[in-house]
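Step one of this worksheet: look at the structure below.
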Amino acid sequence: MPLVRDARALYARAYDERFALPAFNVCNLEMTQGVLEAAEAERAPVILQTYPGDVAHGDPGLVPMLRALGDESDVPVILHLDHGQGLQMVVDRLRRGYSSVMFDGAELDLEENITRTRLIAEIAHAFGASVEGEVGLFGGDHGSVVFTDPGEAEYFMTESGADTLAVSVGSEHHQESRLDLPHLEAIAERTNRPLVLHGGSGIHPSDVREAVLLGVVKINIGHAISLALTGAAGEALEAKLDHYEMLKVMRDSVRAVAREKLQLMKATTRA
């Protein structure tokens, strides 16, 4: 099945049917294979996501590999840019066939964030692709956690042209977290649009289930599969496996975690 060309229809379906797509940060063959094998086993649509660090690590071969594996999958696969750092990066990914891109303007003042997101949305829509904006900060490498103001979220979505909005309501990159569900509900009621959560690896499962019911359609998963990969590598080294067996164990570990996330977000059987 060819890669999803325009992610907007799938995000809209997830919003209407109240399921979410895990967006897995991948940077090599084994991570990608593990994620796609999980999606095929669960009959679930899935997002292959590249963070700027993944791009720096894997280019120029990363995107052709992702496209080739995604095109051969028999479930819908979105290719998404995570935390796009400006117009040049976003346009470069669109030219490479990404179905969805994020512009990370959250550290700008609101009006500047809207202005830059609007320009990127116009370009991305001309390519037939979806745009994710962000209001609020998720911590980790992106500063302190700053919760999204519901009124600012509504204004941003009205003015920016973004299709989905990443909102900060308690999740944090690389950390276990609990969501402020009433705060998320207030944002959902003001925006009435598909929402996104970052730092998804550590969100408590019960909060994930509630967030999906409130209209979250995409939850980023990076740390969980990174730990699965490196943990399996350590076990393989200890067991003195050869490199083929080591890579197989790493892939299988990623697949197991990815299946758990797909099930948790109710993506199973949605392909």
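Protein heavy-atom accessible surface, 1.4 Å probe, per residue over the range 126-271: 43 Å².
Straight-line cross-link partners of LYS266 among the lysines, defined as a Cα under 20 Å from its Cα and at least 8 positions apart when in the same chain: LYS218. Here LYS240 is the anchor, and the lysines within straight C-alpha reach of less than 19 Å, apart from those fewer than 8 places off in the same chain, are LYS248.
Stokes-Einstein at 25 °C, 0.890 mPa s, Kirkwood radius from Cα pairs: D for the range 55-115 in µm² s⁻¹?
Working: Rh = 12.9 Å.
The diffusion coefficient I find is 190 µm²/s.
The listed peptides 158-171, 6-19, 54-67, ordered by packing as a protection proxy, come out as 158-171, 6-19, 54-67 (highest mean of other Cβ atoms within 10 Å first). Centroid-to-centroid, using Cα positions, the range 58-128 and the range 219-249 are 28 Å apart. Taken one residue at a time, the phi angles of the range 147-156 give Karplus couplings (6.51, -1.76, 1.60, θ = phi - 60°) of 5, 6, 7, x, x, 5, 4, 4, 5, 4 Hz. Gly and Pro are set to x. Taking the chain as the reference, fit the longest principal axis to its C-alpha atoms, fit the long axis of helix 181-191 to the helix C-alpha atoms, and give the angle between the two in degrees, 0 to 90, nearest 10. That helix lies at roughly 60 degrees to the long axis. Put a dot 7 Å past the Cα of ALA256, heading toward its Cβ, do the same for ASP92, and the two dots end up 3.7 nm apart.
Tell me the carbon and sulfur percent of the accessible area for the chain, rounded to whole percent, probe radius 1.4 Å. Here carbon and sulfur together make up 51 percent of the probe-accessible area. Counted over all Cα-Cα pairs of the chain, pairs farther apart than 25 Å make up 40 percent. Over all pairs of different C-alpha atoms, the range 1-114 has a mean inverse distance whose reciprocal, the Kirkwood radius, equals 14.6 Å.
The values are calculated or read from the model by the stated rules, or taken from the named source; none is laboratory data. What you see is a predicted model; the values in this text were computed from it and never measured. When we count neighbours, we look across all protein chains shown, and the Cβ atoms used for this are built from the backbone with ideal geometry, even at glycine. Areas reflect the complete protein model, heavy atoms only, side chains present, ligands, DNA and RNA absent. Shrake-Rupley method; radii C 1.70, N 1.55, O 1.52, S 1.80 Å.
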